[in-house]
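I have placed the structure first, in the form of structure tokens, so that the comments after it can refer back to it.
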Amino acid sequence: MTDIDVAELQRRLAAFAEARDWEQYHNPKNLVAALSVEASELLEIFQWLTPEQSARIMENPESAHRVADEVADVLAYLLQFSRVLGIDPTAALVAKLERNEKRFPLSSAAEPLDRHSSE
């Protein structure tokens, strides 16, 4: 893990885009589309793997590098999307976790209902 914070990553991404005159393309629609594409590229790596193979994917340096690159792309677009819309992604995650802790209290942990969704 690095010590760089989310705001600094967002500043670096914005500066990178601005220096290349790309910010004109960084509207919510384009950024969420790019995010979806990058998430699909991450999924593609795992598409035909068995659960066991997917659990060991980071053992191979080549596949580990591909996965890490796609994770970086997904995070980069998510951070840019969040910045453009004025969303604090860490605050949004904390709020969502708090809602989920209330929605799925420990007493119901053994019940399998709605476990596929974190909405």
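Report the rotationally averaged projected area of segment 66-108 based on its alpha-carbon convex hull, in square nanometres.
4.2 nm²
With a 1.4 Å probe and every protein chain kept in, tell me what percent of the accessible surface of the chain is carbon plus sulfur.
Looking at the chain in its full context, I get 58 percent from C and S.
Going through segment 1-39, which trypsin sites (Lys or Arg not before Pro) have at most 10 other Cβ atoms within 10 Å and a DSSP loop state? Mind dumping the intermediate values first?
On the way: sites: ARG11, ARG12, ARG20, LYS29; in loops: ARG20.
For trypsin sites (Lys or Arg not before Pro) across segment 1-39 that sit outside H, G, I, E and B with at most 10 neighbouring Cβ atoms in 10 Å, the list reads ARG20.
Could you give P(r) for the chain, binned at 10 Å from zero, as whole percent values over all Cα-Cα pairs?
P(r) over the chain, rounded to whole percents: 11, 30, 33, 23, 3, 0.
Given charges of +1 on the Cβ of Lys and Arg and -1 on the Cβ of Asp and Glu, with all other atoms neutral, how large is the dipole of the chain about its Cα centre, in debye to the nearest 20?
Values: 12 positive and 21 negative charges, 76 e Å.
The calculation lands at about 360 debye.
Please give the per residue accessible area of the chain, computed with a probe of 1.4 Å over protein heavy atoms only, in Å².
With the other protein chains kept in place, the chain gives 77 Å² per residue.
Pick out, from PRO61, THR2, PRO105, the residue whose Cα sits farthest towards the positive end of the charge dipole of the chain, with +1 on the Cβ of Lys and Arg and -1 on the Cβ of Asp and Glu.
PRO105
The values are calculated or read from the model by the stated rules, or taken from the named source; none is laboratory data. None of these values were measured; they are calculated from a predicted model. All Cβ positions, glycine included, derive from the backbone under ideal geometry; neighbour counts span all protein chains shown. All accessible areas refer to the heavy atoms of the entire protein, side chains included, with ligands and DNA or RNA removed. Shrake-Rupley method; radii C 1.70, N 1.55, O 1.52, S 1.80 Å.
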